[in-house]
Amino acid sequence: MMDCIICGTYLHVDALKCNSCGAPQDERARSGEKSHCAICDAVLWSLAETCVQCNAHGYPALRPRLGDKSLGAPEEEIET
Ligand SMILES: [Zn+2]
Ligand SMILES: [Zn+2]
């Protein structure tokens, strides 16, 4: 038993991914942060590709305010 790294939702210990915010429950989660869906304002992992609440898909909807280009392209690190 554990809490989601990103949103704190209570998860089963075997969960690979938070079903509340979409964050993977491993080191990759730490490359993102807590964010909000631009469509429905649900709490999401900032690198999630699909909103778990409204199914909005893709970065145009879900991209957090990434002003800092020096971070590179986070989407290249996501396994889909
Ligand atoms: Zn979560
Ligand atoms: Zn949404």
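To keep it simple, each residue is scored yes or no on (1) of a type in the set (Gly, Ala, Ser); (2) assigned to a helix (DSSP H, G or I); (3) at pLDDT 90 or above.
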position: SER20; (1), (2), (3): yes, no, yes
position: ARG30; (1), (2), (3): no, yes, yes
position: ASP41; (1), (2), (3): no, no, yes
position: CYS54; (1), (2), (3): no, no, yes
position: SER70; (1), (2), (3): yes, yes, no
position: GLU75; (1), (2), (3): no, yes, no
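Filtering the range 3-18 to residues that are assigned to a loop (DSSP other than H, G, I, E, B) and more than 6 Å from ligand 1 (Cβ to nearest atom) leaves ILE5, GLY8, HIS12, VAL13, ASP14, ALA15, LEU16.
The values are calculated or read from the model by the stated rules, or taken from the named source; none is laboratory data. Keep in mind that what you see is a predicted model, and the values were worked out from it rather than measured. With ideal geometry, Cβ positions are generated from the backbone for all residues, glycine too; neighbour counts draw on all protein chains shown.
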